[in-house]
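Some notes on the structure that comes next.
Values in this text are rule-based calculations from the coordinates and carry no lab data. In this text the structure is predicted, and so the values were computed from the model without any measurement. Here Cβ is always computed from backbone atoms with ideal geometry, including for glycine, and neighbour counts include all displayed protein chains.
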């Protein structure tokens, strides 16, 4: 088994949740929400909840998130619902990702079930900018 790359080894679960959220946003995920469930849950620290426009979009989002974490050598513990594409769950232990088909999300209302969990801001991704030399 490959170890977590040294670049990401010291990352907190919050930082990993934000990486997942940014990856999803790059793939046009809708209504991305980060919930800090660490104080009210014993099985994970964060939920990343998002919606896709179609079942294929939901599957694509799941594959993009899994691919990004795999590239960082962060292992996926479990996956559920990928073949159907209505609700995909990706379990990265400290971060659990819920990807819903738009209509399915409202029915299950995870944000309502976990209303005691504070929402966490998804900070803007910092891009490296090249310094322009003045003439």
TODO: Determine one quarter of the surface area of the Cα convex hull of the range 11-120, which equals its mean projected area, and express it in nm² to one decimal.
DONE: 6.1 nm²
Open item on the list: Below 8 Å between Cα atoms, with a sequence gap of 6+, how large is the relative contact order for the range 11-120 in percent?
Closed with: 29 percent
Task: Relative packing of 53-62, 13-22, 80-89, which averages over residues the other C-beta atoms within 10 Å, highest first - done: 13-22, 53-62, 80-89
